[in-house]
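Visitor: After the structure tokens below, expect a handful of questions from me.
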Amino acid sequence: MAEVKLLVDAIQSSKFITQTKSRELIGKIKGFVSEHQGKTLQRQVFIDNRVKTMNESVFYNVDEVYTAINENKKIRFKYYKWDINKKLVARRNGEWFVLSPWGLTWVDENYYMIAYDDWDGKVKSYRVDKMMRISITDEKRTGQKEFKEYDMANISKATFGMYGGPKKKVKIQFENSMCGVFLDRFGKDITFRPVDENHSEFYVDVNVSQHFFGWLFGMGPKVKLVGPEEVVDQLKEYVAEYTKSMK
């Protein structure tokens, strides 16, 4: 029973599995235990309220990518991003992406496809839940040499954890082009309020720590922490200490 609960926890906490698919999988797992034991699993289903992907086709995308890799073929798909209205919009004005898939990796609770792009001769990573209308082409894959030289560890270096500090409700302002970063991190329940034509702001609960400040720095001048004042002061102190250590 402990092993079954472990599987349920893994499914429920996996960010790339939608709520609907989580319920389906857990329902199937319940078939392996008694009715009484199944009720204890059902209670676990509602424990976690994490941000989960909204793309129900992620399972089939993963399967298609693996099939293309096994058949040594390129894939074609539309790639999406979040806009300020919390809607997924196609990148490159809806043009098709045609790439050579070489691997899949799971980083920061998201599935990524590692693929070679002939257009600019680079190996890149793509969020599987942002890929839609995926299909396998008749073209053979390219970029084998470049993929062998690609450091898979690079994709995990941008991850962070908001832990190790007190929970505070912070206010963040950002350039509208950055909205997808926050929707991916905190989910669609956050509310954006327009500041001007090109900027918005929102409130979110975070554990204030160096990890949180480091994450903010990583997004550059397009993002700004504006409240509360005590957390802004902590950020300034963190910047001062960091600058001092660099001298």
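The values are calculated or read from the model by the stated rules, or taken from the named source; none is laboratory data. Please read these numbers as outputs of a predicted model, since none were measured by experiment. Neighbour counts are summed over all protein chains in view; Cβ atoms, including those assigned to glycine, are modelled from backbone coordinates with ideal geometry.
Visitor: List every residue pair whose Cβ atoms sit under 6 Å apart, with the two residues 6 or more apart in sequence or on different chains, where the first one lies in the range 51-63 and is not assigned by TED's automatic domain parsing to the domain that holds Val206 and the second, anywhere, is of a type in the set (Gly, Ala, Ser) and at pLDDT 75 or above.
Guide: Within 6 Å, the pairs are Val51/Gly187.
Visitor: Okay, moving on. Can you pull out the residues in the range 127-149 that are under 22 Å from Trp106 (Cβ atoms), touching an Asp or Glu at 6+ places or on another chain (Cβ under 8 Å) and not in a strand (DSSP E or B)?
Guide: Listed by number, the list holds a single entry, Gly143.
Visitor: Same structure again: Kindly evaluate Gly220 against the criterion of being small (Gly, Ala, Ser) and modelled with pLDDT of 85 or more.
Guide: yes
Visitor: Out of the residues in the range 100-126 that are in a loop (DSSP other than H, G, I, E, B) and free of Cβ contacts under 8 Å to residues at least 40 places away in the same chain, which is surrounded by the fewest Cβ atoms within 10 Å (Cβ to Cβ)?
Guide: Checking each candidate, the answer is Asp120.
Visitor: Next question, about the same structure. Exactly one condition in (1) under 12 Å from the mean Cα position of the chain (by Cα); (2) modelled with pLDDT of 90 or more is false for Glu109; which is it?
Guide: For Glu109, the exception is condition (2).
Visitor: Pick from Phe212, Phe182, Phe217: which is surrounded by 12 or more Cβ atoms within 10 Å (Cβ to Cβ), within 20 Å of the chain's Cα centre (by Cα) and under 16 Å from Lys86 (Cα atoms)?
Guide: Phe182
Visitor: For Tyr238, state whether it is at pLDDT below 90 and in the same structural domain as Ala115 (by TED's automatic domain parsing).
Guide: Here the answer is no, as Tyr238 does not meet what is asked.
Visitor: How do the pairs read when you match residues in the range 154-182 that are more than 15 Å from Gly214 (Cβ to Cβ) with residues anywhere that are at pLDDT 55 or above and basic (Lys, Arg), using Cβ under 6 Å and keeping only pairs 6 or more apart or on different chains?
Guide: What qualifies is Gln173/Lys224; Glu175/Lys222; Met178/Lys222; Gly180/Lys81.
Visitor: Oh, and also: Kindly list, by first and then second residue, each pair from a residue in the range 69-87 that is modelled with pLDDT of 95 or more to a residue that is in a strand (DSSP E or B) and of a type in the set (Asp, Glu), limited to pairs with Cβ atoms under 6 Å and residues at least 6 apart or on different chains.
Guide: Lys74/Glu139
Yes or no, residue by residue, for (1) modelled with pLDDT under 80; (2) on the phi < 0 side of the Ramachandran plot; (3) surrounded by 14 or more Cβ atoms within 10 Å (Cβ to Cβ):
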position: Phe16; (1), (2), (3): yes, yes, yes
position: Lys21; (1), (2), (3): no, yes, yes
position: Ser34; (1), (2), (3): no, yes, no
position: Asn49; (1), (2), (3): yes, yes, no
